[in-house]
Amino acid sequence: MNKTAITQAGPLAGVHVLDLTSVIMGPVCTQILADYGATVIKVEPPEGDVMRHAGNKRAPGMGSMFLHANQGKQSVVLDLKSEADLAVLREMLPTADVLVHNVRPQAMRRLGLDEAEVRRVNPSIIYAELTGYAEGGPLHGRAAYDDVIQAQTGLAELFARQTGGAPMYVPTLIADRVTGLTAAHGIIAALYGQRQTGQGETIRVSMFETMAAFVLADHLGGASFEPAAGAMGYSRLLTPYRRPYRTRDGYIAAVVYNDKHWRSFFEAVGDLATFEADARFQTAADRADNYDAIYGYLDDVMATRSTEEWVALLEAADIPCARVNRVEDLLDDSQLRAVGFFDERDGGDAGQRRIAPRFRSPAASGNAAPPAPALGKHDFSTET
């Protein structure tokens with residue numbers, strides 16, 4: 001097999017991943033594997049991953065959404081409707097350590113790429129199947145999208161419960177990205193087992209079940225017990241006052257959280273007598289029963305000073321706080337700049353501003369994290 005080489009470093013160096021994923025969930029998973037040093041071969045149809053057209057772009061087929069989920073990968077074009085191209089993919093299977101797909105299971109069976117067929121060719125492979133809904137349920141095999149999953153898991157309705165308004169979506173692809181992260185660490189665990197035993201493993205990760213667990217870990221509440229010990233929902237997260245506080249000239253985020261924070265806050269504003277006289281503020285147990293009242297107090301008092309005054313006051317009191325940024329502010333954020341958050345090296349075919357891999361270790365220090373590839377940039381054949 002001829003292929004354009006990309007030198008990788010890191011704990012997964014030498015691991016070969018066949019990436020049959022598209023859109024966001026799957027590519028997030030495989031980009032993490034690439035960040036850890038795996039060689040990830042992204043198999044795309046002739047028209048490319050649909051996300052190549054999403055977001056702003058400077059070059060055709062290199063949209064911003066694609067760029068930030070596919071760096072560090074190689075791209076090969078194979079039309080899996082073609083028997084010749086399908087044969088090329090099958091030739092890759094024996095040397096792959098991992099196959100990841102988010103194709104509907106019934107389509108993979110039609111292609112002869114279901115788990116049983118792939119494992120017949122490569123018994124030790126990690127076969128990772130990312131779906132919308134878990135096998136065994138009535139929705140298995142149905143397409144799923146981030147918005148739908150946010151609605152089904154109650155996440156969208158939590159906004160209505162908190163604000164008294166309409167359900168809303170989190171304005172980021174949280175279900176896709178959380179599921180991709182979950183799949184990545186499942187694959188890494190399976191690779192560890194593979195190295196110990198020489199045996200393959202099947203990983204199945206679904207958006208609905210992953211996000212249901214994500215949401216319910218905070219909000220199962222009283223239903224955590226049988227019989228129920230109260231209502232569902234975590235009151236601290238659902239109080240309408242858990243929001244950026246309006247100051248005299250803007251907004252600020254502040255987390256007055258533990259006993260020390262609350263005493264320090266009242267000392268800073270010169271009102272320690274109120275703290276000592278009102279038991280609702282003094283202990284975690286009392287605060288847990290009075291989140292509306294204590295956060296409502298903060299909402300009122302924050303309006304009495306400017307954002308700049310609050311930042312100075314709260315930082316001096318060692319209380320976590322921050323101005324409310326716009327996403328544009330992150331480009332020049334001093335913390336992000338100081339730690340090399342943006343990769344300033346060559347941006348590749350799209351002239352890309354890249355986010356550097358978040359994984360850091362001496363072993364990965366040489367990983368150049370190549371930009372996302374142009375469609376079909378890498379040459380693959382069945383020649384040896």
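Quick look at the values:
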| read-out | value |
| --- | --- |
| Sum of side-chain charges, Arg195 neighbourhood, beta-carbon under 15 Å (Lys, Arg +1; Asp, Glu -1) | -2 |
| Set of lysines with alpha-carbon distance to Lys81 below 18 Å, sequence-local pairs under 8 removed | Lys42 |
| FRET E, pair Asp278, Ser82, Förster distance 51 Å, beta-carbon r, rounded to 0.05 | 0.10 |
| Summed side-chain charge close to Leu86 - residues other than Leu86 whose Cβ falls under 11 Å, Lys, Arg +1, Asp, Glu -1 | -1 |
| Two-site FRET efficiency, Ala13 against Arg326, from Cβ-Cβ distance with R₀ of 45 Å, rounded to 0.05 | 0.75 |
| Extent along principal axes [Cα atoms of segment 1-101; Å; largest to smallest] | 38, 36, 23 |
| Residues whose placed amide H lies under 5 Å from that of Thr131, excluding near-sequence neighbours | Val205, Ser206, Met207 |
| Cβ-Cβ FRET estimate between Leu237 and Ala116, R0 fixed at 51 Å, reported to 0.05 | 0.70 |
| Net lengthening on full extension, Glu267/Ala107 (0.36 nm per residue, minus Cα-Cα) | 51.2 nm |
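Each reported figure results from applying straightforward, stated rules to the coordinates on display, with no laboratory input. Keep in mind that this is a model prediction, so the values were computed, not measured. Cβ coordinates were reconstructed from backbone atoms using ideal geometry, including for glycine residues, and neighbour counts include every protein chain displayed.
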